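Everything on this sheet refers to the single structure shown next.
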Amino acid sequence: MLNWLDRFFEIEARGSTPRREVLAGATTWLTLAYIVLVNPIVLGAAGMDSGAVMVATCIGAALATASAGIFARLPVALAPGMGLNFFFAFTLCGTAAAGGFGLTWQQALAATFIAGALFLASALLKVRSKLMDLVPEPLRHGIVAGIGLMIAVIGLRWAGLLVATPSIYIGPGDIAARPVQVALVGLAVTAILVVRRVPGALLLGAGASGVLSLAFGLTEFTGVVSAPPSILPTLFAVDFGGLFAAPTWIFAVVVLLIVDMFDTIGTLLGVTSRAGLMRDGRLPRAEAAFASDAGGTMVGSLLGTSTITTYIESAAGVAAGGRTGLTALTTAGLLLASMFFHPLLSVIGGVPFADGVTLYPVAAPILILIGIFMMPEIAKVPWDRPVAAIPAFFVVVGMPLTTSITNGIGAGFIAWSALHLLTGKGREVSPVTHALAGLFVLLFVLE
């Protein structure tokens, strides 16, 4: 058995051992397991059944990760992406008044499936690089940073640290309130663990704030392990007919495709480069890796979860020595087992607060820190070039201020196209990029 594993995954050839691969897979799982608990909360904001979403998250992530391990033979893990799940819940399913598309969650799942199918087609037809060229590089960096900032701001709101005020729109929360104190303690503990590079810092920090939340009587403890809840409320719930009837469906699909595509490409290149798996600047079995990502998104949407993408947390497993697909298979097995921990959702669930507001003091610190982790991209924007810096700025601030990834991307595309056209640089921009900017103008006018 061990000889077969070694031959199939090239374990010895890549300088690893089966034991090291299994430990690396467990390390990766420990760093990304937070998504199993956070994703049901985020998608629950769109009206989805949290138990069903948790099961869909575990099964979809496990299948996609196992696919990457078996077919691409890479030590990477895949799961519903942070940022894309917020786009799903707050933009696709958000009301038009709040800058959203007004889709039902069933229609949003259909859009997710179509975006995954297009990503799969681009991988098989090898045209993904051409699609990526439609997004100028400064905007790509701005989009990542903007999504991070949006997630962090939502985390601050969920912690009660940022509240609505009539005079300046947002202001500081009441730190004397118990939920806010729980979030602050959780943020402090998690930040310390992150600084000390403790594996699974986000999950351990959530555990610390969860214990404090229980001690304050804010949440209830209903157990740790139980049979998984039913997936039937979200299984095969995609609504293609309703999606195509919505005038903004094409924008939903395009944004999902673009964000997932460059997120996956960037993450894969970063993780595999660190693992020393690149060959002459190219990634072996790259198409299989992209197909695993796209196929995972399609299957995940049918199960009932948002876009599945490659996780940067895979770097933790690589740092622990993971070099082959056996690392991914180990992570996949642990993700599948995670759906038995459904009772823990009650510990990190919402806490009713003043004026009908619901806070999430246990989950909020995770969002804040994930947002911080995405901010280094902002340094890659060429701020000394106004023609690039101005559009990137609108992307970065547009997302958190409107709680909409689409609004941020649209503002960036419009500013990019307009500035180049009005300064005589219009020919430096792809005609398709100009056309996309025009479509975003139309979208904002129709809203």
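The values are calculated or read from the model by the stated rules, or taken from the named source; none is laboratory data. Quick caveat: nothing in here was measured; it's all calculated off a predicted structure. Reconstructed Cβ throughout: ideal geometry from the backbone, glycine too, with neighbour counts over all protein chains shown. To get the accessible areas, we keep the full protein, side chains included, count just its heavy atoms, and leave off ligands, DNA and RNA. Shrake-Rupley method; radii C 1.70, N 1.55, O 1.52, S 1.80 Å.
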Legend entry - Estimated distance in nm for a label pair at V445 and K126, the labels positioned 7 Å out from Cα along Cα-to-Cβ: 4.1
Inset, instruction - Find the accessible area per residue for segment 56-128; the probe is 1.4 Å, ligands and nucleic acids are left out, and the unit is Å². - result: 27
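Enumerate by residue number the trypsin sites (Lys or Arg not before Pro) in segment 156-222 meeting two conditions: DSSP loop (anything except H, G, I, E, B), and at most 12 other Cβ atoms within 10 Å of the site's Cβ.
Hits after loop and neighbour filter: R196, R197.
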Inset, instruction - Can you tell me the FRET efficiency between T165 and R7 if r is taken as the Cβ-Cβ distance and R0 is 60 Å, rounded to the nearest 0.05? - result: 0.40
Legend entry - Vicinal HN-Hα couplings computed from phi for segment 345-359 (Karplus, 6.51 cos²θ - 1.76 cosθ + 1.60; Hz; Gly/Pro x): 4, 5, 6, 9, x, x, 10, x, 10, 5, 6, x, 7, 10, 9
Legend entry - Part-to-part distance (alpha-carbon centres) for segment 244-303 and segment 141-186, which is given in Å: 30
Legend entry - Around T309: net Lys/Arg minus Asp/Glu count, Cβ-Cβ under 9 Å: -3
Inset, instruction - Sort I41, I70 from largest to smallest accessible area, using a 1.4 Å probe on the heavy atoms of the protein chains. - result: I70, I41
Inset, instruction - Could you order E220, E377 by accessible surface area, starting with the largest, using a probe radius of 1.4 Å? - result: E220, E377
Legend entry - Around M150: net Lys/Arg minus Asp/Glu count, Cβ-Cβ under 15 Å: -1
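What does the net charge come to around T330 if you take all other residues with beta carbon closer than 13 Å to its beta carbon, with K and R at +1 and D and E at -1?
Residues close to T330 contribute a combined charge of +2.
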Inset, instruction - Taking amide H positions as placed in the peptide plane 1.01 Å from N, state which residues far from V163 in sequence (5 or more) or on other chains have amide H under 5 Å from it. - result: G171, G173
Inset, instruction - Could you look at segment 17-117 and say what percent of its accessible area is carbon and sulfur, using a 1.4 Å probe and all protein chains? - result: 66
Inset, instruction - Please give the solvent-accessible surface of H342 in Å², to the nearest 10, using a probe radius of 1.4 Å with every protein chain present. - result: 50
Inset, instruction - Determine the calculated [θ] at 222 nm for the chain from helices alone, applying -39500 (n - 2.57) to every DSSP H run no shorter than 4 residues and normalising by the residue count; nearest 500 deg cm²/dmol. - result: -19500 deg cm²/dmol
